[in-house]
1. For every other residue with a beta carbon closer than 14 angstrom to the beta carbon of Phe35, add +1 if it is Lys or Arg and -1 if Asp or Glu, then tell me the sum.
2. Before rounding to the nearest 500, sum -39500 (n - 2.57) across all DSSP H runs of length at least 4 in the chain and divide by the residue total; then give [θ] at 222 nm in deg cm²/dmol.
3. Do you know the relative contact order of the chain, to the nearest whole percent, from alpha carbon pairs under 8 angstrom that are 6+ apart?
4. Mind ranking 7-15, 107-115 by how tightly packed they are, going by the mean number of other C-beta atoms within 10 angstrom, highest first?
5. Size of the dipole of segment 3-129 about the Cα centre, Lys and Arg at +1 and Asp and Glu at -1 on the beta carbon, nothing else charged, in debye to 20?
6. Mind listing the long-range amide H neighbours of Ala103? Cut-off is under 5 Å, sequence gap 5 or more, other chains count too, H placed in the peptide plane at 1.01 Å from N.
7. Quick one: pull the percentage of alpha-carbon pairs in segment 8-126 with a separation above 20 Å.
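None of the figures in this text is laboratory data; all of them are computed from the coordinates on show. Note that the coordinates shown come from a computational prediction; the quantities given were computed from them, not determined experimentally. Backbone-built Cβ (ideal geometry, glycine too); neighbour counts: all protein chains shown.
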Amino acid sequence: MQTQRESTAEAEARALRDMAEQTPAEMARFLQDTFSQRVVAYIAGIEDHKQVGRWARGLNTPRIDSENRLRAACQVFHFIANCENPHIARAWMMGMNPQLDDASPIEAISEGRQKEVMAAARSFQRGDL
């Protein structure tokens, strides 16, 4: 558990910076380590989960739509983790969310609903749920 939680604004700004500084390989590697290759493939909207490993090793780069989904997943994860901790962020990303019609944030990102997921994350941090 963090000894000092960041304010929501600080946490969101740091998550945005962290996401912007990451290469596609770094994002793929982080998400693969945090969730799994199959989950990252689902987020990215691809069928071949082994492609995620190739991205993580820098052998290939994702298409722009897949990269956008990876960036959104990283940004939202880091936002929640910066405010809470990585365990809570992982659970939040995988769990059903009433603000997303009971879809998980991972599912919503895979459907291209990144803005809705970030709005749900902000709401979670405000304690609206």
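1. On the way: positive: Arg29, Arg38, Arg69, Arg90; negative: Asp33, Glu107.
With Lys, Arg at +1 and Asp, Glu at -1, the net is +2.
2. -20500 deg cm²/dmol
3. 27 percent
4. Working: 7-15: 15.7, 107-115: 17.8.
The packing order, highest mean first, is 107-115, 7-15.
5. Values: 16 positive and 18 negative charges, 65 e Å.
Using Cβ point charges on Lys, Arg, Asp and Glu, segment 3-129 gives about 320 debye.
6. Those qualifying (amide H under 5 Å, at least 5 residues apart or on another chain) are Asn97.
7. Details: 2422 of 7021 pairs.
Summing the P(r) tail past 20 Å for segment 8-126 gives 34 percent.
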